[in-house]
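Asker: Pasting a structure below so you can have a look.
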Amino acid sequence: MAKRASTPPLPHDRPGLDKVSLQRSISNHLLFTVGKTRDKASRHDWFVAVAHAVRDCMVENWIQTQEQLHKHEGKRVYYLSLEFLLGRMLVNSLYNLGLLDTCRECLTDLGVDFESIRAVEEDAGLGNGGLGRLAACFMDSLATLNYSACGYGIRYEYGMFHQDIENGEQIERPDSWLRFGNPWEFRRPEVSYEIHFGGKVTHYREEDGVARYHWVDTEVVLALAYDLPVPGHATPTTNSLRLWSARGTHEFDLRYFNEGDYMEAVANKNESENLSMVLYPDDSSMEGRMLRLKQQYFFVSASLQDIIQRHLNHHPDLSMLADKVAIQLNDTHPSLCIPELMRLLLDVYHWDWDSAWDLTNRLFSYTNHTIMPEALETWSVDLMEKLLPRHLQLVYEINHRLLEEVRHRHPGDPSVLQRLSLIDETGGRRVRMAHLAIVGSHHVNGVAQLHTQLLKSTTFAEFDALYPGKILNVTNGITPRRWLNEANFRLSALLSETLGEAWKNDLSQLSALAPRADDEIFQQRFRAVKQANKQALAAYLFQRHGMTLDPETLFDVQVKRIHEYKRQLLNVLGVITRYNRLRSGQGDHMVPRTVIFSGKAAPGYAAAKRIIALIHAVAEVINNDPLVHDRLKVVFIPNYNVTIALRLIPAAELSEQISTAGTEASGTGNMKLALNGALTLGTLDGANIEIGQAVGWDNFFVFGETAEQIAQLQKTGYHPQELVHTHEELRQVLDMITQGYFSPDQPHRFAPIVEELTTRDRFFLLADYEAYIAAQERVDDVYRNPTEWTRRSILNVAHMGVFSSDRCIQEYARNIWHLND
Ligand code: 26V
C-alpha cells in the first residue's frame, strides 16, 4: 500500500522506554502473543514475551530510518553476505536501546530471573566463522554510525552445525535454531520474488538489428523476505537485515499436477525449499556442490530484484542507481551479482552493453577474505551451463572484453591471458569467481595490511597492474558493544568509571588508559576483573561440562575454526613439549597453565577432525598424570559459537594467534582477545602485525618466520625431516605421537599427522617449532611477574581502539562507498 505523507498514523501505544511501560508490555506479550499466564509460563515463554516487548521498542526508529532516507535522498549501502553470525540478540538489543538495566529490573519485579531468560535464546549461527561474524559487527557499526544500510542474507533453516564430542571425536548435529520460532523477525509474505533456474537461452534480432536474448523454460523458486531490525547503539538509526527463505511455486509443480502425480509435485516443492535449508560449512573441497551454486544465485537474484524494486519505488528509472546505492559483496559468494545485473539491464531493461557495464562497475565492490588457493571459489562451466545458461554467456562476453584489453596491453604474451582469464582451463573448465568479482567491481579490498599487500603482489598482481588503485586495504574490526561491553561487563564498568562512557561509540578513547598502566591501585582493580572473569568461566564449565579449571593457573586460549593453517597442531606440539619437561623434572620454574582449545572442524575435513581427536587424546593423558597435576591441564570446549566466545574471551590471559605467516587474511578473534586484556602470542600474520604495532611489540609475544621467509622456503625447497634430526625435544614429541603414547589402544591412530609433518609440512610447523617454544618461555617469564603482566595487559586494552568496526565502516564509507560525497 502506498504511503501518503499526509496520512496521520493510527493511534498506538508508545512502547515504553521506562520500567512501568516495559513491564506492562512484557506482561501483555506473555498473555496476548504467547498466550500464557505467568503461573504457566516457561522460561522460553518469558523470553518470547521479553523479546517481543524489546522488538516493539525498535519499530518506531526502524520505520523512521527508512522514511528519512527517502526524504534526504542519501546513498544507501547494501551489504550482501551469505553469512551473518549474529549469536543471541536479546542483550545486544537491550544494550543498544539503553534498556538493559531497566529490563533486568522489570523481570526481577515480576519474580523472573533475567539470566535464566537470556540463556534460553538460541544463537543465530548463520555463519562459519570470522567472515560471518564480521558481517554482524558491520551491521552494528553501520547503525551506530547512522548510516542507512541494509544487510541481505539467507534465512537458513539450519545454521552452523552443533558440535558434540563423543569418545574424543567431533560429531555433528543439525542446528535447528528456528524450531521454537524466532521472535525477532518480521515475516514479509508480500515481499517475494521469482528466482529462475535451468532452461535455455533463445535469441532473435530486432528490426534495428539489436540482438535480444530470452532465458526460457526455467524452473521457478520463490524467495520470501524476513526482516530483522538492527538498532544502533545510542543512536536513532535502526537498519534492516533482510533474510531470504525459499518456497516452491505452483508453476514449478504444474506439469506434475496435470499428470496427476501429486507425490512428485510435493517432492519437487520440497526440493525448491532445500535451497535455504542449510548453511554450507567451509570445507576443504569445492566438489559436487550444485545446491550451493543454486543457493548463491537464489540469494543474488532475490537481493538484486529487491534493491531495484526499492529504487524504482522512488525514481523513474535505473540511471541514478549507482548514485543512490553502493553494494558490497562479502567475498565471492554473491559475485553472480555481476552477470545477473548485466542480464537484467540488457535483457529486461534493454540497456546497451557499455552503459550496463558502467553501471555494474560503479555499483559493486568486493571484499576478499583469503588468498589460500584452495579456498578461492570456482564453479564448473558445465554446472553453470546447466543451471544458469544465460549467465554463462555473459561471463564469456565479460571475459572476451577483458582479454581484449589484456591482449592490447600485453601483445604477444598468451600466458598472461591464461592467468587473468575468468575461465580456468587447467583440469576441467571452471569460472574463477574472484576474477569475475574483480573485473565487475570498482574497488576490491583485503582485510589487513599484509593480506592486501599479498593480494597486490602475488595472487592478483596482474589485476593490480591492469587496474591501479582498485585494490585497497580496510583492516577488519570488531564491535566494542558486543565484544567489550556485552562480553565483559566487569571491565566495561571499570573503564566507564575511569574514562566515562564515551569509549563505547569512540573506542580510540581507550588510549586514555595508558597512563594508568603503572598505577598500582588501578592494576589491582584490573587484575581483579580478570580474576573474576576466570572464576566465572571456571564455574560455568564446571556446571555445564563438569570440567574443573583452576583459576589460579594461566588461561592460555586458542579458539577459532580448526584449520591446518591456523596451526592448532603447533600448540599441541608445544603442550607435549611442556609435558615432557615437567615429567623430566625441568619444569620447576614453569608457570601452571590451563590450555584451552575450542573450535569446529568442517564435517568433511579429515585432517582437521584428526587434530581435534589428538587434542582430546593428549588431554586425556596429561590431565590424568599425577606427575604434572596442578601444573598443566588441557581442555577442549565443545561447540564454539558466539555465546561461548562471549564467556571465554574475557577470561583469557594468553591469546594464541599462531597461523603460518601469509595465510590468515586478518583474524578477528585476535582483536577480541587483545581488547579484553589477553596478551598475544602470535606470528607476523594478518592483523597480528597491526595489533603488535598498535599495542607495542614489547607488549606482544612475537615469533616465527615472516611471510617473506616462508615464501622463500617454499621457493628454495623445505625439508622438515632435517629439522627433526637437529632437535631432540621435537623428535621425542613426534615419536610419542607416532608410537601411540596418546592412543595406546590404537597405536597408529595419529601416525598420519607425523607423516605429514615430516614429509611435506605444508604449513611450516617444524620451521617455527623452536621459536614457538622459546616464545612460550618468555610468556612464563613475564607471567611470573604479575605487575609486569598486568601492565602489558592494560596497555593492550588501551591501544586496541583502532580495531573497532566503527573505524572500519568509516573507511569503507569514505574510500569505497563514497557515502559522504
Ligand atoms: C579457508 C580455507 C583454507 C583451506 C581449507 C578450506 C578453506 C575454507 C575457507 C577458508 C576461508 C574462507 C574465507 C574466510 O572465511 N576468511 C576469513 O575472513 C575473516 C574476516 O575477514 C578473516 O578475519 C580471516 O582471517 C579469514 O580466514
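Asker: Can you spot a residue in segment 275-282 that is within 16 Å of the ligand (Cβ to nearest atom), assigned to a loop (DSSP other than H, G, I, E, B), modelled with pLDDT under 85 and closer than 30 Å to Asn815 by Cα? Full working, then the answer.
Answerer: Filtering segment 275-282 for residues within 16 Å of the ligand (Cβ to nearest atom) gives 279-282.
When the remaining residues are screened for being assigned to a loop (DSSP other than H, G, I, E, B), the result is 279-282.
Subset that is modelled with pLDDT under 85: 282.
Pick out the ones that are also closer than 30 Å to Asn815 by Cα and you get 282.
Checked segment 275-282: at least one residue is within 16 Å of the ligand (Cβ to nearest atom), assigned to a loop (DSSP other than H, G, I, E, B), modelled with pLDDT under 85 and closer than 30 Å to Asn815 by Cα.
Asker: Kindly indicate the residue of segment 571-603 that is touching a strand residue (DSSP E or B) at 6+ places or on another chain (Cβ under 9 Å) and within 16 Å of the ligand (Cβ to nearest atom) and also farthest from Val634 (Cα to Cα) among those meeting that condition. Outline the logic, then answer.
Answerer: In the first step, residues of segment 571-603 are kept if they are touching a strand residue (DSSP E or B) at 6+ places or on another chain (Cβ under 9 Å); the result is 571-572, 574-575, 578-579, 582, 587, 590-601, 603.
Now restrict to residues that are within 16 Å of the ligand (Cβ to nearest atom): 599-601, 603.
Numbers: Gly599: 14, Lys600: 17, Ala601: 18, Pro603: 23 Å.
Among residues in segment 571-603 that are touching a strand residue (DSSP E or B) at 6+ places or on another chain (Cβ under 9 Å) and within 16 Å of the ligand (Cβ to nearest atom), the one farthest from Val634 (Cα to Cα) is Pro603.
Asker: Taking the condition of being within 15 Å of the ligand (Cβ to nearest atom) and assigned to a helix (DSSP H, G or I), how many residues in segment 427-483 meet it?
Answerer: 12
Asker: Determine, yes or no, whether Glu166 is of a type outside the set (S, T, N, Q) and free of Cβ contacts under 8 Å to residues at least 12 places away in the same chain.
Answerer: Details: of a type outside the set (S, T, N, Q): yes; free of Cβ contacts under 8 Å to residues at least 12 places away in the same chain: yes.
Judged against the criteria, Glu166 is a match.
Asker: Where residues in segment 329-378 are within 16 Å of the ligand (Cβ to nearest atom) and within 15 Å of Ser301 (Cβ to Cβ), which of them is surrounded by the fewest Cβ atoms within 10 Å (Cβ to Cβ)? Even if it seems obvious, please write down each step before you answer.
Answerer: First, pick out the residues of segment 329-378 that are within 16 Å of the ligand (Cβ to nearest atom): 329-335, 365-378.
Still in the list and also within 15 Å of Ser301 (Cβ to Cβ): 329, 333-335.
Numbers: Leu329: 26, His333: 23, Pro334: 28, Ser335: 27.
So, considering only residues that are within 16 Å of the ligand (Cβ to nearest atom) and within 15 Å of Ser301 (Cβ to Cβ), the one surrounded by the fewest Cβ atoms within 10 Å (Cβ to Cβ) is His333.
Asker: Okay, moving on. For segment 616-644, give me the residue count where each residue is in a loop (DSSP other than H, G, I, E, B) and not aliphatic (A, V, I, L, M). Full working, then the answer.
Answerer: From segment 616-644, those in a loop (DSSP other than H, G, I, E, B) are 624-631, 638-641; that's our starting set.
Narrowing the set further to residues that are not aliphatic (A, V, I, L, M) leaves 624-626, 629-631, 638-641.
The total comes to 10.
Asker: Something else: Just for segment 94-118: of the residues that are out of contact with any Lys or Arg (no Cβ under 8 Å at 6 or more places or on another chain) and under 25 Å from Met139 (Cα atoms), which one is surrounded by the fewest Cβ atoms within 10 Å (Cβ to Cβ)?
Answerer: Only one residue tops the list, namely Asp101.
Asker: Okay, next question. Which of the following residues is surrounded by fewer than 23 Cβ atoms within 10 Å (Cβ to Cβ), hydrophobic (A, V, I, L, M, F, W, C) and either within 14 Å of the ligand (Cβ to nearest atom) or in contact (Cβ under 8 Å) with a residue 40 or more places away in the chain (or both): Leu632, Leu646? Step through it out loud before you land on a result.
Answerer: On the way: Leu632 fails: surrounded by fewer than 23 Cβ atoms within 10 Å (Cβ to Cβ).
Leu646 is the lone residue from the list that is surrounded by fewer than 23 Cβ atoms within 10 Å (Cβ to Cβ), hydrophobic (A, V, I, L, M, F, W, C) and either within 14 Å of the ligand (Cβ to nearest atom) or in contact (Cβ under 8 Å) with a residue 40 or more places away in the chain (or both).
Asker: For segment 630-655, which positions are within 19 Å of the chain's Cα centre (by Cα) and charged (D, E, K, R)?
Answerer: Passing the criteria: only Arg647.
Asker: Return the residues of segment 699-727 that are closer than 18 Å to Gln776 by Cα and not polar (S, T, N, Q); say none if nothing qualifies.
Answerer: Phe700, Phe701, Val702, Phe703, Gly704, Glu705, His727, listed by residue number.
Asker: Just name the residue that is surrounded by the fewest Cβ atoms within 10 Å (Cβ to Cβ) out of those in segment 148-177 that are among the hydrophobic types (A, V, I, L, M, F, W, C) and over 20 Å from the mean Cα position of the chain (by Cα).
Answerer: Filtering first and then ranking leaves Ile171.
Asker: Let me ask something else. Which condition number in (1) farther than 29 Å from Ile612 by Cα; (2) free of Cβ contacts under 8 Å to residues at least 24 places away in the same chain is the one that Gln746 fails?
Answerer: (1)
Asker: Any residue in segment 362-375 that's among the β-branched types (Val, Ile, Thr): show its pairings with residues that are within 9 Å of the ligand (Cβ to nearest atom) and assigned to a loop (DSSP other than H, G, I, E, B) at Cβ separation under 6 Å, as long as the two are six or more apart or on different chains.
Answerer: Thr370/Ala665
Asker: Moving on to the next point. Show me the helices (runs of 4 or more DSSP H) entirely contained within segment 86-159 in which 1 or more residues are within 16 Å of the ligand (Cβ to nearest atom) and over 20 Å from Trp62 (Cβ atoms).
Answerer: Details: elements: 90-97, 100-109, 114-118, 130-144.
The helices (runs of 4 or more DSSP H) meeting that bar are 130-144.
Asker: Considering only segment 539-569, state which residues are more than 16 Å from the ligand (Cβ to nearest atom) and in contact (Cβ under 8 Å) with a residue 24 or more places away in the chain. Before you say what the answer is, go through the steps one by one.
Answerer: Restricting attention to segment 539-569, the residues satisfying the condition of being more than 16 Å from the ligand (Cβ to nearest atom) are 539-557.
Within segment 539-569, Tyr540, Leu541, His545, Met547, Leu549, Asp550, Glu552, Thr553, Leu554, Phe555, Asp556, Val557 meet the criteria.
Asker: Sort through Leu312, Leu293, Leu304, Leu318 and tell me the only one that's modelled with pLDDT of 95 or more, buried (at least 19 other Cβ atoms within 10 Å of the Cβ) and either within 16 Å of the ligand (Cβ to nearest atom) or more than 25 Å from the chain's Cα centre (by Cα) (or both). So that I can check it myself, show each step before the final result.
Answerer: Working: Leu312 fails: buried (at least 19 other Cβ atoms within 10 Å of the Cβ); Leu293 fails: either within 16 Å of the ligand (Cβ to nearest atom) or more than 25 Å from the chain's Cα centre (by Cα) (or both); Leu304 fails: either within 16 Å of the ligand (Cβ to nearest atom) or more than 25 Å from the chain's Cα centre (by Cα) (or both).
None of the others qualify; the one that does is Leu318.
Asker: Here's a follow-up. With the requirement that a residue be in contact with a helix residue (DSSP H, G or I) (Cβ under 9 Å, 6 or more places away or on another chain) and either free of Cβ contacts under 8 Å to residues at least 12 places away in the same chain or not hydrophobic (A, V, I, L, M, F, W, C) (or both), what does segment 707-721 give you? Walk me through how you get there before you give the answer.
Answerer: Going through segment 707-721, the residues in contact with a helix residue (DSSP H, G or I) (Cβ under 9 Å, 6 or more places away or on another chain) turn out to be 707, 709-711, 713, 718, 720-721.
Across segment 707-721, the qualifying residues are Gln709, Tyr718, Pro720, Gln721.
Asker: Of the residues in segment 452-463, how many are without any contact (Cβ under 8 Å) to a residue 24 or more places away in the chain and buried (at least 19 other Cβ atoms within 10 Å of the Cβ)? Can you show your working first?
Answerer: So the first thing to find is which residues in segment 452-463 are without any contact (Cβ under 8 Å) to a residue 24 or more places away in the chain, and the list is 452-453, 456-457, 461.
Narrowing further to those that are buried (at least 19 other Cβ atoms within 10 Å of the Cβ): 452, 456.
Number of matching residues: 2.
Asker: For segment 422-451, name all the residues that are surrounded by 23 or more Cβ atoms within 10 Å (Cβ to Cβ) and among the polar types (S, T, N, Q).
Answerer: Within segment 422-451, Ser441, Asn445 meet the criteria.
The values are calculated or read from the model by the stated rules, or taken from the named source; none is laboratory data. Computed from a predicted model, the values in this text were never measured in an experiment. Cβ sites come from the backbone with ideal geometry, for glycine too, and all protein chains shown count toward neighbours.
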